[in-house]
Every structure is written in C-alpha cells, then in structure tokens.
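This report concerns only the one structure given below.
The values are calculated or read from the model by the stated rules, or taken from the named source; none is laboratory data. Fair warning: this is a prediction, and the values are worked out from it, not measured in the lab. Methodologically, a virtual Cβ is constructed for each residue, glycine included, from the backbone with ideal geometry; neighbour enumeration extends over all protein chains shown.
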Ligand SMILES: Nc1ncnc2c1ncn2[C@@H]1O[C@H](COP(=O)(O)OP(=O)(O)OP(=O)(O)O)[C@@H](O)[C@H]1O
Ligand SMILES: [Mg+2]
C-alpha cells in the first residue's frame, strides 16, 4: 500500500494546440485515503486518472506511487488496479476468470487465485455468479465484477473512473456506500473520478475540485461545503448549489450593508475579521448563501429577503422555491448586452430550500428570512473567495 | 479554521521554469507503436512484393517486346502502338457492351430482394436457394450455361416445347450473339450477391417509417420510390461497384469454359485478352500493357464512384 | 376443433372476406408463384448437374434414361480425390496466411496506431482495387523465376496476397468496434501488447475470423485463373482448374463433366449453407449501420 502524489503535473494532448487538459496539478493522496476528483465534463478528471494508470503519458511534472516516480514505468509495473466506466469486462471469460485474470498473468498459483477470487466474491456478494459470463449479469453485478477484478489484485492504489455512472439512480446510491465500505475495509489509496458532486461528498475522505484542467480546491467534503475557495466551487458543490448574487457593499454608521436591487442586507460584524471586506466597500462583490439559509419563518432570522416565486418544486420532504429577488433590475437588464444580462439575471435568481408545509404559490411575492451566519463573499472578477486565510 | 485552498496558496512559477510541452512519448506508447509496426509489417511485405512491385514491373514490361526468349526495349511508343491496334478496340467494345448487363444485374436482384422482404411463409428457404449460386464457381456456372445455350441444349428444348421449333438458336456459335449468352450468364451469376446486399439493406429499413407513410395514404409504389430506394442508395452503390468490377475482371472463368473468347474475338474481354496475349501468344510485354489499361479503366471507375459518393455526403 | 362443436353456427358461415382481404390473398398467392419460379431458375444449374450426371452421353443426347456410368468413370477422367485434396491444401494454406497476416495488421490499424498508420492503411486497402490481370505477367514471371510455379507455394502466396487487403479492411472494421478500455484493462492487468492480441483479442475475433475464412474459402475454391497459371504441375491442380481444363478441351462426355462439376461445387455449397450468416456479414461489412 502506498500514497499517490501528483507533482505539478501537466498534460497537453498532441493536436490540442497547446491547451492543457490537466494544468500544473499538485495533489497528494495519502495511503488509505479515498480521494475524489470531481468537476464538470471535460475538466480533465479522466486524463489525470489515466496518467496515474500509465495509459496516458505525462507532458510535464511527475506522478509518484509509494514514493517511486512512475512517469516512465509501464502500467503493469505500477501495481495499480483500475475500474472503468463501462467496466471493460472480458466478454469471453467467466466472472471468476475475469477477476482472476490479472493474477493468472502474474503467475500466481491456481489455488491462491481461487482463494483470493472467492474472498473478493464474498465481499462483493458475487459468490453465486462466479461461473457466469458478463453478458448474463445485470448492470450492478457487472459493476461489482469490475470492482472484484480490482480488489483481488491487492494493489498499491485503486483508480476508478465514474464507475457508477452506468447504473440507475437507486443502484448508484447502494453501490456508493458499498464501494466506500470496501475501500475502508481494504485501506488502499483510491482515486475516484466522478462528475456527480453528491458522490464526491458522500464517498470522499477528501475531494479535489477541477475545472478546465486546473485544481480549484482540495478539502474534506464538509470544509468544501462550508468554505469554498471560489465562486466555482461554491456553485458546484451542494444541491441545489449555493445562491450567488451581485451586491454592492457600503459602510455607514459603523455597519456594513450589501445592496442588491432595491433591497439590502446587514452584514454581521464577524465577517470584518474573517473576510477582507474593508477593501471592497463601495464596490461590487458576489454574495453567496446556501438555499437552506432561507427560511419561511421570517420572525427569528437576522434579515429578510423579498422575492417573486418563479417556480415551486415539491420534493415531498421539502420544497425548492426558485425565486427572482430583484423586481426593478429587469428594466436595467434590457439595456445590457445579452450575455451580460444573462449573467446578472443568473445572479439575481436564488433557490430556497423550504420545509414541506410552507405555503408557496408560483407568481406570488414572498418575504423569506435569511440566516446570515454562513455568508460567502467572492471577487466578481475571477471569483476568488474574500475569506482571509488563517493557517 | 485552516483552509487548504491550493490555488490561493500557490506560488507562481518562476519565469525560468516556465513549462514547455515536451510530448515525451511514454514507454507504453513506444511499445504500442513498435507492436503496430511489427504487426503490419508482414501484410506490408506481402502486398508490396506481390502487388505493388509487380505494378511497377508491369509498367516496364509494357514498353518492351518480349516473346518469351528475347526482350527488346521499345519505350513509350509501345503504348501508342497499342492504341492503334484494332483488336484492342474490338475487345474494349465487348467490355462496353457487357456494361449493358449491369442494369439487369442490379434491377433483377432488387426485385427479388423486395419479393423476399415481403417475408411470405418459408422466405428463409427461398433466400438460401437464391443465394446458393454465389457459392459455386463461375467455372461450374459456365459449364452449365454452355449446355443451356448449346445447339442441342436446354434453351432450344424449351423453344421446341413452346412450339418454336423453327427458331432454333445457337447463341454461342454465332459471332453476333455469343456475347449476349455471356452477358445473360453474367447477370445470373451476379444475382445472388446483389440480392444478398439489397436484402441486408432492406433489413435495416425502419418499418415504422413505412407504416407512417402508409397511414398517410401513400401507395406501395410511392413508398418504394420515395422511402425504400433512397434508403438503399448506399447498398445500390456498393452493388454497382462490385458488379462493374466483376464485369471487368471476373469473367475469365465464364469465358474460358463457355467460349474461349470466340467465335473470333466476339467474347474476348480485356481481361481475357491479357491472358490470351500473354499465354497463348507469349507476348508478355503487350499482355502487361493490356493489363495496365484494364487497371486504368478500373481506377477511373473507382474515382468516378468516389466522386459520386463524395457528392452525396 | 372443440370451439367448432360448441358454436356450430361459426362453422356454417365462415367469416366473409372483405375485398381488401381477398386482394391481399391473391397478391400473396401470386407472390409465392413468382418466388417458386425464381427458385426454379436459381436451382437450374444444380438440377442440370444432378440429372445429367446420371445419364450416359447417349442418354443425355436423346433426353431419356439414366445410368451410373459417368459416376463410375469419373475418377479416371478427373482425378477428383487428388484434386479435391489439392484444393483443400491450397485453400487451407492461403486462408491461414490471410488470417494471420490480415488479422495482425487489422488489429494494428484499429488499435495500435503509429505514425503514418492511416496512410499505410489506405495504401493497403486500395490494393483491393488492383485486378490480378494488371499484374498477371510480372507476377507469373517472378514466380516462375523463383521456381514457385511447380509447387503449391506460388499459388498459395498469390492467393494470400490477393485476399489480404480485403481481410485487413474487414478485420480493422471489426476491431474498431472493440472498446479501447478493454485493451487498457488488459494492460493494467499486466498484459503486454502480444498478450492483448493473443489472450484478449483473438478469442473475441472469432466471428471476424469465420467471415474471412468463409469468404476466402469460396473465393479460392472457386477460382480458376491463379490455379491455371501458377500451378504448372498437373498433379497439383485444384479441382476447379481440372474441371475447366477438361471443359476447355471439349472432348469429355458432358454427363461426366457435370458429375465433376457437382463434386467440385459440393464443398463450397456446404460451407456456404453452414456459414451463410458470416458470408452476408462480410459482404456488407462497414455499411450495415
Ligand atoms: N485523446 C485525446 N486527445 C485530445 N484531447 C483529449 C483526449 N482525451 C481528452 N481530451 C480533451 O482533454 C480534456 C479533458 O478530457 P477528460 O476526458 O479528462 O475530461 P473528463 O473530466 O474526464 O470529462 P468527462 O466528465 O466528460 O468524462 C477535454 O477537453 C477533452 O476534449
Ligand atoms: Mg471522463
């Protein structure tokens, strides 16, 4: 068992006109850690993973597994196991042969192969299917065979590329916990790629958020949620994502206020020390708050938010209300170029996660309470968090 | 409250160490390329030695006179001489006339494929029967055809039976009609292959499209003309190419057993002329030249076909 | 039956056919007749061979009677056992080469791209368009000079060279459909590219191998020109060549000739009937989707 360390790794595909698919990535996955790489489509997750596997060459930087730089080592000598999105099971082999193939190639004795395959099958609850061919298995079973093929190897690290994306929603939830359980059981360093932030949050010891080949932030799921390093991470993590609106900061009579449209918000005292707000007085910032910080009962909260309900989604346990918060910006928006107007409009839409019994009517105006304990501030240019680092 | 946001902490790279793309090829990539080369090499050698090099040699041969014993260099004028040779034009005329059979070699299989596609009870048995002649050698088909067209053959027996005893034919023995017999045999020989192609094409037709048209009140003919045929275009093109190629280069067996190219030159095609010139008359140079002319004609057909395909895409 | 007993009225008055249904039935009947007629035409060669082979020359001329004579004499006229054996040897050897050479190259073009592999692929595949007649003379001279026209080997490699381009095309098309991940899984599992080919790809390639085999078998078994020229030794003649040579001589009795034809056609017909599926697959490879 070992750790996996990316050291300023860059990948430029030939023919990509020098545009890197992975850009200067430094990341270290500790021994036994479950690291999730998450990000939107095309952000370079698969590329990063394939470089660890040795299936893609590294343009610059190094990748080390267990302290050994692997840049020029063949995949088979890296002692890693990989789970592919489409499972890539060998169609002509049975489940047992699929799982034992890597051991057979490595010349492991038959008895030991059988024993290890049996063990893996037990962990994965595949005992009954050992003699079937992949064709005769359900999607979930195939997925588990793919997992089994990885775990019998007892490798230095597991690499998994969206292993759950071909499963239906319910099975995905089931396998999510299953994979996490097995990984904890085996304690092998794991790099897990997904574009699904729920998977990332529920499975990872730590989560690395990528965007356009650049690492945005690496943190535990909770820290990622509570302290997003930039607007992108804030908008990517959480479902529904964080509300981000444009607001002007000003200061008067010793208090800081954020203005948006014809409303304003009192910024609690505490943010002065944790955020670099002083430089931003009189300027525009991106203000962020989570959907659950909006509450229907507006008598107990610090502040209020008036909005028009555009859309109401009842999920049974809760209601998602999609709101337009500023009534008079719409006029101004018409004067802006379309793309800018689009951005502003997006930044004046918010979502509220309300309790199921809230009375919300589409088209009506409502006043919600806003808890201001967890506000976020971002630079509107580039989206960096205005939080002051205290490490 | 430590935040480990890497992008915020990162020191900018020093200008000197500015990253340069290296495209260094990994060990695996090198192995892959080497294996790729190794695996293609035998094919490359085989095709080079037995197809590409002989084309070059043929060009050289075509400019010599070679009677099997002595070789004399003639040069490019061998080509101009060939173009003044009436035999070659006579033979090319046969090739051109044989092209008249192409519409039949496509049309008849198209009808048969549509028949089969109706899927009446037992259609699979019929399908097997219709395709069966594709399995047998054109030598065999030629043999049977010869006895069909012969003076005392089946064709004349049939005419007797129909009461046309006075109009006995001798298609193969007659200079003006032997080519017709050859063409008919050729059409028969192509039916299996082309039917197979069209039937595969029809199988990929989406039946719901046809149903929708039928509900809209389109007649069977309209459906065939405006849905089926356009859908089959690619298959018809492929069948067309295969048929033309066969007409130019696969008739050897038929000619060899049915007519030997005669009477006179009446059933000699370009490919048969190559054989005759080279092996009956031992004029290797001229034979090579004729072979190249055949090749050029087929290239022209190929390019023409590519243009057709290109125009459609 | 039992329903008829319970409701005898139903039997008495069969449901009236609408004019449309009647038209349909008539159309079906006409269709069937046409199909039977076509079947008659397509079966004609086989019927002629079969019927005629059971006649003597004179019986054939008067069109009556039957006899086993031509079957008894067949092996004297045409050494069928030797020639069937020759055909089998030549077919097997050429197909083996085509499969090995074409399969390997097809795999490389589909999955092991190297610099310039696409150009090489196009070159190789366009060799499909070269008719044998275009290179017949130099090919013959080369083989004769190397002394290969008096052994099976000359014909075998000519057949192999002629069959390889199409088989490469077919294998490449087939292998391109195998997902890259499967190969990568093998590599991560510890295979080299040789292992990938022999242990993963080969077992998966069986349908393509069958298709190439059937196509090549029918092609080579039925061919005349190569066998005629590149097998100068009569004892090495394949059956199709032997038959054509007899036919061209025009001295053999027709029933015997047709009995020989039947014998020569039988193996290809059996292969065809057994492996029809693969033949169709091969002919339409690349355009059926
Ligand atoms: N073989 C390749 N050649 C050239 N460019 C490539 C290649 N593979 C990927 N890319 C490009 O590199 C970028 C990153 O691709 P990658 O597959 O790593 O994304 P991803 O994060 O895995 O996306 P997804 O979630 O859609 O799987 C994309 O812009 C993609 O177009
Ligand atoms: Mg991906």
Within the stretch A:1-29, restricting to residues that are at the interface with chain B (Cβ under 9 Å from one of its Cβ atoms) and not in a strand (DSSP E or B), the one that is nearest to ligand 1 (Cβ to nearest atom) is A:14
Within the stretch B:124-135, does at least one residue satisfy the condition of being at the interface with another protein chain (Cβ under 10 Å from one of its Cβ atoms), touching a helix residue (DSSP H, G or I) at 6+ places or on another chain (Cβ under 7 Å), assigned to a helix (DSSP H, G or I) and more than 25 Å from residue C:31 (Cα to Cα)?
yes
Would a scan of the stretch A:88-97 turn up a residue that is within 16 Å of ligand 1 (Cβ to nearest atom) and at pLDDT below 95?
-> yes
* Asked: Does the stretch B:295-308 contain any residue that is within 11 Å of chain C (Cβ to nearest Cβ), assigned to a helix (DSSP H, G or I) and closer than 18 Å to residue C:223 by Cβ?
  -> no
| Can we say residue A:82 is touching a residue at least 24 places away in the same chain (Cβ under 8 Å) and surrounded by fewer than 21 Cβ atoms within 10 Å (Cβ to Cβ)? | no
Those residues of the stretch C:60-83 that are away from chain B (no Cβ under 13 Å) and on the phi < 0 side of the Ramachandran plot come to a total of 16
Residue A:40 - would you say it is out of contact with any strand residue (DSSP E or B) (no Cβ under 6 Å at 6 or more places or on another chain), without any contact (Cβ under 8 Å) to a residue 24 or more places away in the chain and within 10 Å of ligand 1 (Cβ to nearest atom)?
no
When every residue in the stretch B:231-263 that is assigned to a loop (DSSP other than H, G, I, E, B) and modelled with pLDDT of 85 or more is compared, the one farthest from residue B:102 (Cα to Cα) is B:263
For the stretch A:157-174, the count of residues that are away from ligand 2 (no atom under 16 Å from the Cβ) and crowded, with 20+ Cβ neighbours inside 10 Å equals 2
task: Check whether at least one residue in the stretch C:200-210 is in a loop (DSSP other than H, G, I, E, B), more than 22 Å from residue A:97 (Cα to Cα) and more than 11 Å from chain B (Cβ to nearest Cβ), and report yes or no.
output: no
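Let's see how each residue does on (1) surrounded by 12 or more Cβ atoms within 10 Å (Cβ to Cβ); (2) more than 20 Å from residue A:223 (Cβ to Cβ); (3) modelled with pLDDT under 85:
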site	(1), (2), (3)
A:349	yes, yes, yes
A:353	yes, yes, no
A:356	no, yes, no
A:369	yes, yes, no
A:372	yes, yes, no
A:377	yes, no, no
A:380	yes, yes, no
A:384	yes, no, no
A:387	yes, no, no
Checked the stretch A:50-70 for anything near ligand 1 (Cβ under 8 Å from one of its atoms) and out of contact with any helix residue (DSSP H, G or I) (no Cβ under 6 Å at 6 or more places or on another chain); matches are A:50
Per the filter on the stretch C:47-80, residues within 26 Å of residue B:108 (Cβ to Cβ) and without any contact (Cβ under 8 Å) to a residue 24 or more places away in the chain are C:47, C:51
Check on residue A:21, buried (at least 16 other Cβ atoms within 10 Å of the Cβ), within 16 Å of ligand 2 (Cβ to nearest atom) and under 18 Å from residue A:191 (Cβ atoms) = yes
A careful count of residues in the stretch A:58-72 that are within 7 Å of chain B (Cβ to nearest Cβ) and either at pLDDT 90 or above or within 12 Å of ligand 2 (Cβ to nearest atom) (or both) gives 2
Note: among C:230, C:275, C:217, just one is in the same structural domain as residue C:158 (by TED's automatic domain parsing), modelled with pLDDT of 90 or more and within 20 Å of the chain's Cα centre (by Cα), namely C:217
Over the stretch A:1-18, the set of residues within 17 Å of residue A:38 (Cα to Cα) and within 16 Å of ligand 2 (Cβ to nearest atom) is none
Per the filter on the stretch A:104-154, residues surrounded by fewer than 16 Cβ atoms within 10 Å (Cβ to Cβ) and within 26 Å of the chain's Cα centre (by Cα) are A:139
Residue C:114: passes all of (1) more than 30 Å from residue C:182 (Cα to Cα); (2) facing chain B (nearest Cβ under 7 Å) but (1)
Can you find a residue that is more than 15 Å from ligand 2 (Cβ to nearest atom), more than 19 Å from residue A:209 (Cα to Cα) and within 12 Å of chain B (Cβ to nearest Cβ) anywhere in the stretch A:36-56? yes
Residue hits (the stretch C:112-125; without any contact (Cβ under 8 Å) to a residue 12 or more places away in the chain and outside any loop (DSSP other than H, G, I, E, B)) are C:117, C:118, C:119, C:120, C:122, C:123
All-but-one check, residue A:32 against (1) surrounded by fewer than 23 Cβ atoms within 10 Å (Cβ to Cβ); (2) more than 16 Å from ligand 1 (Cβ to nearest atom); (3) within 14 Å of chain B (Cβ to nearest Cβ), failing number (3)
The condition of being in a helix (DSSP H, G or I) and within 16 Å of residue C:91 (Cβ to Cβ) holds, among C:229, C:273, C:215, C:257, only for C:215
